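Structure first, then comments.
The values are calculated or read from the model by the stated rules, or taken from the named source; none is laboratory data. This one's a predicted model, so the numbers in the text were calculated from it and none came from an experiment. Counting neighbours? That spans all protein chains shown, and the Cβs are built from the backbone with ideal geometry, glycine included. When the accessible area is computed, the model is the full protein with side chains, heavy atoms only, and any ligands, DNA or RNA have been set aside. Shrake-Rupley method; radii C 1.70, N 1.55, O 1.52, S 1.80 Å.
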Amino acid sequence: MNTALRAKVPLLMAALLLLGMVRVQGAYGASPGDPSLPLVERIDRSLGKATRFIVSRQSEDGAWRSDTYGCFKGGPELTPYVLSSLFFLPQGGREAGTAYQKGVAYLMNMVKSDGTIETGPGGLMFPVHTSAMASRVVVLAGRDKAHLMGQAAWLAYLRARRLSGDLGWTPKDSEFGGWGFSLVLPKKPAPGGSRPPFVESNLSATLFGLAALRSARVPESDPIYGEILTFVKRCQNFSDPGEESDEAFDDGGFFFIPADEGQNKAGVAGLDCHGRKRFNSYGSMTADGLRALIRCGLSKDAPRVVAARKWLEWNFSASRNPGRFTAEREELRNSYYYYYLWAAAHAFQALEVKEIATKYGRVRWPEALAEEIMNRQRADGSWISRFTDAKEDDPLVAAPWAASALAICRSMMTGAQGTLFPRQ
């Protein structure tokens, strides 16, 4: 081997590993199938196995419940999340369709005749995520009067929990405009008063809220999008013209929350030249932030969108959640791995791009992600992670993320999006 070629080998191997093109069979379980088969056929086989696993875990009343975590044992927590994946898995056939309808019926039974939601004495463990996803899935298979009323009820429950002027928040508050994880109505506390845990807005909850608004066809002219955009901008390492900037930190990526060091998984990037504490950008949040910008009405060529896209493309990885994590946060990098796959696939789908410019060259991301996802699938059709922080060690958490991402890869490769029922 000549010297020039020998020098290139480590870089080539690193690129292949990073993009998921080197397939290693091991602790993750069964192979995705005969590699001689066409990729789309292997994807369909993989998604068929995944769907059968998901359907097999449905409770008799139509809900999905975790065997691993108490916070997911109630029914409302996992059911709309699973349904949001299952609808796009036609590989499951009639059984999947029946399971989907049973799951929707479970969520519709929580809608009371007065248009409110029956949450039970303990309330919902994840009010924003549950209501946002429920409002979408109840109308995916049919927009008749009853299901539209169900959507409206779930949406009203969601909208009441946004950190808006109705709850005392103003645009000067860093929390203003978005949604958070609070178990109670996130009212702004009085000066000197205590605030409920997790009352502040975060990027993930806000993205789910935006998805619900778009699904309900709330018009772009509604002022709510401008208020939400106010918060989303605060989660991006980017400065608009005329604002104080620092090129060392303004890389276009996103983080989880504007002013909470503990909740930003990648940690603190440092103090910028203006003395402000800045947070590291990372993959899962940059994918969420990019979609949030678009759903707030920004065009794909808007400077903030372009900056987020460049970050996500350049740092793309199929095998890990990309970004610069501080040493003490490195173990958190892949705790959100399957969420990252789902978020990145959605982001590139929203951009309508099949090939991206990474630091290792141009890559067709649908094929790269699909290979990596299938290689990690277990023999029973599920996926799990060894990390517990995001509860992706629970197969009912990891599998819907992974299956949804794989379905998007297939859609981008074929130009057709499969569903259990015709979309209305």
Quiz prompt | Area accessible to solvent at F316, 1.4 Å probe radius, in Å² | solution = 0 Å²
Quiz item: How much area per residue is accessible in the chain when the probe is 1.4 Å and only protein heavy atoms are counted (Å²)?
Solution: 43 Å²
Practice problem: Could you point to the residue in L290, L167, A318 farthest towards the positive end of the chain's charge dipole, with +1 and -1 charges on the Cβ of Lys/Arg and Asp/Glu respectively? | Solution: A318
Quiz item: For the chain, what is the largest minus smallest coordinate of the Cα atoms on each principal axis, given in angstrom and ordered from greatest to least?
Solution: 75, 59, 37
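Tell me, in nm to one decimal, what length is gained between D393 and D144 on full extension, where the rule is 0.36 nm per residue of separation less the Cα-Cα distance? Provide the component values of the computation, followed by the final result.
Details: separation 249, 0.36 × 249 = 89.64 nm, distance 3.78 nm.
Taking D393 through D144 to full extension adds about 85.9 nm, to one decimal.
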Quiz item: Taking K354 as the anchor, which lysines have their alpha carbon closer than 28 Å to its alpha carbon, excluding any fewer than eight residues away along the same chain?
Solution: K8, K49, K233, K300, K310
Practice problem: Measure off, as a whole percent, the carbon and sulfur share of the 1.4 Å-probe accessible area of the chain, all protein chains present. | Solution: 55 percent
Quiz prompt | Protection proxy ranking, peptides 262-273, 226-237, average beta carbon neighbours within 10 Å, highest first | solution = 226-237, 262-273
Exercise. Quick one: order S201, S239, S56 from most to least accessible surface, probe 1.4 Å.
Key: S56, S239, S201
Exercise. From largest accessible area down, sort W64, W311; use a 1.4 Å probe on the protein chains.
Key: W311, W64
Quiz prompt | Nearest-10 value in Å² for the accessible area of M125, using the 1.4 Å probe | solution = 90 Å²
Practice problem: Could you size up the charge dipole of segment 59-100 around its Cα centre, putting +1 on the beta carbon of Lys and Arg and -1 on that of Asp and Glu, and report it in debye to the nearest 20? | Solution: 80 debye
